[in-house]
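Taking it in order: structure first as structure tokens, then the write-up.
The values are calculated or read from the model by the stated rules, or taken from the named source; none is laboratory data. If you're wondering where the values come from, they're calculated on a predicted model, not measured in any experiment. In this analysis, Cβ positions are derived from the backbone assuming ideal geometry, glycine residues included, and neighbour counts consider all displayed protein chains. Surface accessibility is based on the protein's heavy atoms, side chains included, excluding ligands, DNA and RNA. Shrake-Rupley method; radii C 1.70, N 1.55, O 1.52, S 1.80 Å.
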Amino acid sequence: MNKILKPLLVVLLVFAFTQVCRAQQNFLNITFYRVYYGWAHNYPQDWLILRRFENNGRDYLLMVNPQNLQSKVDESSFYQVKPMTLDETRTFFKSTPYEKAISSAEKQSVNIQDAGIERGMPTETGISLTADLCPSHKPLDRRIFTDMFNEFKKVEKPAPIALSVSGLWMLTHSADLEWLKKLRDEGEIRITWVNHSYNHRVSKTAPLKENFLLEPGTDMNVEILSTEKLMLKNGLVPSCFFRFPGLVSDQQLVYKVTDYGLIPIGSDAWLAKGQQAQDGSIVLIHGNGNEPVGVTDFIKLLQSKTKQIAQKQWLLYDLSSTVEDEEKQGQ
């Protein structure tokens, strides 16, 4: 190999390895984790800052790309940073898909159930799959993932899925979480990690207006920020999305969530409740072992689309692209 090219190749490989490590590191000593709004710039990209924290003496930012809604964590020293208030940030990024999506979710905040963004463009030939991981004593229903990447491995790899993860599930299912991360690292699936609250409390007797996160005394800092910190400690990058436990909220709660910079995601196809998936649907199933009917229905849906999948006529869509399409639909 050319004497000049060989050292250059080594430098590039080291740089690539460093970038991967930065993207997937586990933050085990997080301190001063807080909501922090602003603008970060590293040519040529502008980023919207959602959080700031320290880990082992270094300062980090949790940021979202306002154009494609992808999030990342990086050291603040790599960026030009300008702190802003929430209102200043939303004004600064008002023409971006991120701000339009979060505004759209706020406009759909009145319903006590299923507020937020429910579906993408009906012209999409496929769905966005979301699986909720609520607290459960049962193991992860791995059929979702094995069947999904077996169907799509020849036409769409990695296959995208959004996992709405609760803090208590992460604490009690470390082996399942490691298995999911292994699939991610091997390129079988591409995961969007959605905040699903920390405790996910639910009462069998309380009315909806006092249930789930509407339970009196709920601390949203714990429910949102503690979940994000636990994600980071486990090597997960929190997305800019949030799913309400039970899909239950009210208008005030929706605005509390958007004040954290998060976009509420609902569903128009909760399979276990008999709702049928249409093109463009945000499909909801539970992967925590508590709702096998929904998982079975999803597998039947995949089997019914085998031919279309093979011909790339029915695909899974990344949640971020679906939200962008939904925002365009409302224009």
**Report entry** Unit Cα scatterers, Debye sum, the chain: log10 I(q)/I(0) for q = 0.07, 0.10 Å⁻¹
**Finding:** -0.28, -0.58
Report summary line: Env charge @ residue 276, Cβ radius under 10 Å, K,R +1 / D,E -1, value -2
Query - Highest-first arrangement of 31-39, 227-235, where packing means the average Cβ count within 10 Å - result: 227-235, 31-39
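With Cβ to Cβ distances under 12 Å as the rule, what net charge do the other residues near residue 290 carry (K, R +1; D, E -1)? Walk me through the numbers before you get to the answer.
Numbers: positive: 138; negative: 132, 141, 291.
Overall, the nearby charge balance is -2.
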Report task. Give a quick list of trypsin sites (Lys or Arg not before Pro) in the range 154-213 that DSSP marks as loop, anything other than H, G, I, E or B, with at most 11 other Cβ atoms within 10 Å. Result -> 154, 204
Report task. Hey, can you find the accessible area per residue of the chain for me, probe 1.4 Å, expressed in square angstrom? Result -> 46
Report task. Could you work out how far apart the two model spin labels at residue 150 and residue 77 are, taking each label as a point 7 Å from the Cα in the direction of the beta carbon, and quote it in nm? Result -> 4.9
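Carbon-plus-sulfur fraction of the accessible area of the range 108-194, 1.4 Å probe, in percent?
54
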Report summary line: Candidate cut points under trypsin sites (Lys or Arg not before Pro) in the range 59-115, DSSP loop plus at most 15 other Cβ atoms within 10 Å of their own Cβ, are 94
Query raised in the report: Residues with beta-carbon under 14 Å from that of residue 301, excluding residue 301: net charge, scoring Lys, Arg +1 and Asp, Glu -1?
Result: 0
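Assign unit charges at the C-beta atoms only (+1 for Lys and Arg, -1 for Asp and Glu), then state the dipole size of the chain relative to its Cα centre in Debye, rounded to the nearest 20.
Values: 37 positive and 38 negative charges, 185 e Å.
The calculated dipole for the chain is roughly 880 debye.
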Query raised in the report: Which residue, 246, 274, 289, tops the fluctuation ranking in a GNM of the chain built on C-alpha contacts under 10 Å?
Result: 274
Query raised in the report: GNM, the chain, Cα, under 10 Å: largest mean-square fluctuation among 283, 73, 222?
Result: 222
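Ignoring ligands, DNA and RNA, what percent of the 1.4 Å accessible area of the range 199-331 is carbon and sulfur? Provide the component values of the computation, followed by the final result.
Details: 2550 of 5460 Å².
Percent of accessible area from carbon and sulfur atoms in the range 199-331: 47.
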Query raised in the report: Which one of 304, 197, 321 has the biggest mean-square fluctuation once the chain is modelled by GNM with Cα springs under 10 Å?
Result: 304
Query raised in the report: Using modelled backbone amide H atoms (1.01 Å from N, in-plane), which distant-in-sequence or interchain residues come within less than 5 Å of residue 159's amide H?
Result: 189, 190
Query - Distance in nm between pseudo-label sites at residue 125 and residue 25 (7 Å out along the Cβ direction from Cα) - result: 4.4
